[in-house]
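For reference, the structure is listed below as structure tokens.
The values are calculated or read from the model by the stated rules, or taken from the named source; none is laboratory data. Since the model is a prediction, treat every value here as computed from it, not as a measurement. Cβ placement follows ideal geometry from the backbone for every residue including glycine, while neighbour counts extend to all protein chains displayed.
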Amino acid sequence: MSVPPEVTEVLRRWVRKAEHDLEAARLILAGESHCPYDTACFHCHQAAEKYLKALLTLLGIQAPRTHDLGRLLALLPAESRPSVPAAQLVAMNPYAVEVRYADDWLEPQREEALRSLELAERVGTEARRLLPPEVLI
């Protein structure tokens, strides 16, 4: 698939931002204890979101301004979707907004943050497989 240069640059930016979010989550989780697991989960969600938006951009589908991973996944044709369970992605949605507020949020624990990282990394691995090599960092 030939990708116009202006689209290639947008894709590179999505990938770069997604990779930065994954790296931030990894660094947080590398701490021995008292890590901000909510922040790690936030970055995992953001990485998955950005990879899905990169795939949408590649296909010429305008990515809506949403943090809803299920909605983004549903916009992708089946052959262009990462093969991760939609329910698991949707379960990450609260990390986009609710995790940033102190009201009724229950702070995630290490196991939950590690699961989120594993899922975000799977989305990233599969998205990178679908994206053209010239946009990968």
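General remarks:
- Tally, over the stretch 8-59, of residues that are touching a Leu at 6+ places or on another chain (Cβ under 7 Å) and of a type in the set (Val, Ile, Thr): 2
- Filtering Ala91, Ala96, Ala120 for residues that are without any contact (Cβ under 8 Å) to a residue 24 or more places away in the chain and either under 13 Å from the mean Cα position of the chain (by Cα) or crowded, with 19+ Cβ neighbours inside 10 Å (or both) leaves a single hit, Ala91.
- Every condition in (1) under 28 Å from Glu9 (Cβ atoms); (2) in contact with a helix residue (DSSP H, G or I) (Cβ under 7 Å, 6 or more places away or on another chain) holds for Ala86 except the one numbered (1).
- Counted residues, the stretch 99-111 - those being touching a residue at least 12 places away in the same chain (Cβ under 8 Å) and surrounded by fewer than 17 Cβ atoms within 10 Å (Cβ to Cβ): 5
- Only one of Thr39, Thr57, Thr66 that is among the hydroxyl-bearing types (Ser, Thr, Tyr) and over 30 Å from Ser2 (Cβ atoms): Thr39
- In the stretch 9-52, of all residues being among the polar types (S, T, N, Q) and either modelled with pLDDT under 95 or not in a helix (DSSP H, G or I) (or both), the one that is surrounded by the fewest Cβ atoms within 10 Å (Cβ to Cβ) corresponds to Ser33.
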